[in-house]
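Inspection log for the structure reproduced underneath, given as structure tokens.
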Amino acid sequence: MSIRMGRSTVMLENGVSVISSSAVGGKKEGEGPYAGCFDYIDKDGYFGQPSFELAESAMQGLALQNALEKAGKEPGDISLLIGGDLLDQCIGTSFGTKDFSLPFLGIYGACSTMAEGLLLAALLTDGGAAETAAAITSSHFCTAERQYRFPLAYGNQRTPTSQWTATASGALLLEKGNEPPFVRAVTIGRIEDKGITDANNMGAAMAPAAYSTLSQFFGDSGCSPENFDYIVTGDLGNVGSRLLCELLEKDGVNIRERHLDCGRMIYDEKSQDVHAGGSGCGCSAAMLCGYLLPEIKAGRIKNLLFAATGALLSPTSSQQGLSVPGISHLVWLSHDRNGGL
């Protein structure tokens, strides 16, 4: 059975395994350094659809279908699907997965949605409520710009601290099993709000949440950064990554040598103009499903902390001048079912 440790961390004891994963991306993601990790790259970002919103839904359908095929599963084999996205009422997910006719739980964690979905799916699988669970999310640069900022036709200028919303989707399937990668533990994050009001500086708004969740995990579990090959955040970008390291160093915790951020990984900062890095639900989801999980499965990564972060703003809150709360959820992924530290 699962074991609760401290205030927010749960250790999973029943061998919950990621049995398959899939990543789908757009044209810009296909020009980045991890292009080879995607199962499918679209040529123009429309995915054969008449609108960007329908394109985002099509991404999710492709990612989920790929994950099912890799595992040799049919939709009827899935106990439940947990997913969400950045669009109002999470229509990217509901329209993208409705034809699979799966028991569905819709969630919203902004850019932390993949960590939240994976966390919930793992807990439900470990506890016996699901035999095979799926988690999915996505983002699309054009849909996010239209909803949160301005339509692309406006040609508005982006500030140096702004991040580029990835056009990407990630999906994964979980079961109790004996093959890596394993979900070893999860930490549920708390909302942190340090008064950042600039919606174009999400890295600064989310860094305190990543700091809070990582600190909570280390305190609850008794682990230290040295126990892990990588501590992966998503998506703090350049600004938030620097702030996170500085916040932890005030507590005497140094993660610089093992810290990766999906927002800094997915694009080439020198050749691709993304300002402070990548963002969006699909950014960390694609890097997790397309690159990190296969590396853990192959044993090239033994232990990894995946701490995706989200900025819990909306167009309404931004227009009313409210601050940007942040959230971060953490999942410990391992090549070993038990031990290994």
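Structure above, values below:
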| quantity | calculated |
| --- | --- |
| Check on ARG184, closer than 22 Å to LEU288 by Cα and without any contact (Cβ under 8 Å) to a residue 60 or more places away in the chain | no |
| Unique residue being of a type outside the set (A, V, I, L, M, F, W, C) and not in a helix (DSSP H, G or I) when the list is ASN238, ASN178 | ASN178 |
| In segment 11-61, residue nearest to GLU175 (Cα to Cα) [restricted to those that are surrounded by fewer than 24 Cβ atoms within 10 Å (Cβ to Cβ) and among the polar types (S, T, N, Q)] | SER17 |
| Subset of segment 235-258 (residues that are in contact with a strand residue (DSSP E or B) (Cβ under 6 Å, 6 or more places away or on another chain), of a type in the set (A, V, I, L, M, F, W, C) and within 20 Å of GLY219 (Cβ to Cβ)) | ILE255 |
| Residue check, LEU68 surrounded by fewer than 24 Cβ atoms within 10 Å (Cβ to Cβ), in a helix (DSSP H, G or I) and either touching a residue at least 24 places away in the same chain (Cβ under 8 Å) or outside the structural domain of THR125 (by TED's automatic domain parsing) (or both) | yes |
| Qualifying residue in segment 197-215 (condition: of a type in the set (A, V, I, L, M, F, W, C), in contact with a helix residue (DSSP H, G or I) (Cβ under 9 Å, 6 or more places away or on another chain) and more than 30 Å from LYS28 (Cα to Cα)) | yes |
| Residue that is nearest to ALA205 (Cα to Cα), among those in segment 278-327 that are of a type in the set (Ser, Thr, Tyr), touching a Cys at 6+ places or on another chain (Cβ under 8 Å) and modelled with pLDDT of 95 or more | THR309 |
| Hits in segment 33-56 - residues which are touching a residue at least 40 places away in the same chain (Cβ under 8 Å), under 26 Å from ARG146 (Cβ atoms) and assigned to a helix (DSSP H, G or I) | PHE52, GLU53, LEU54, ALA55, GLU56 |
| Tally of residues being assigned to a helix (DSSP H, G or I) and touching a Ser or Thr at 6+ places or on another chain (Cβ under 8 Å) across segment 1-30 | 1 |
| Counted residues, segment 185-216 - those being crowded, with 17+ Cβ neighbours inside 10 Å and not in a loop (DSSP other than H, G, I, E, B) | 18 |
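The values are calculated or read from the model by the stated rules, or taken from the named source; none is laboratory data. Just so you know, these numbers come straight off a predicted model, no measurement behind them. For neighbour counting, all protein chains shown are included, and Cβ atoms are generated from backbone atoms with ideal geometry for every residue, glycine included.
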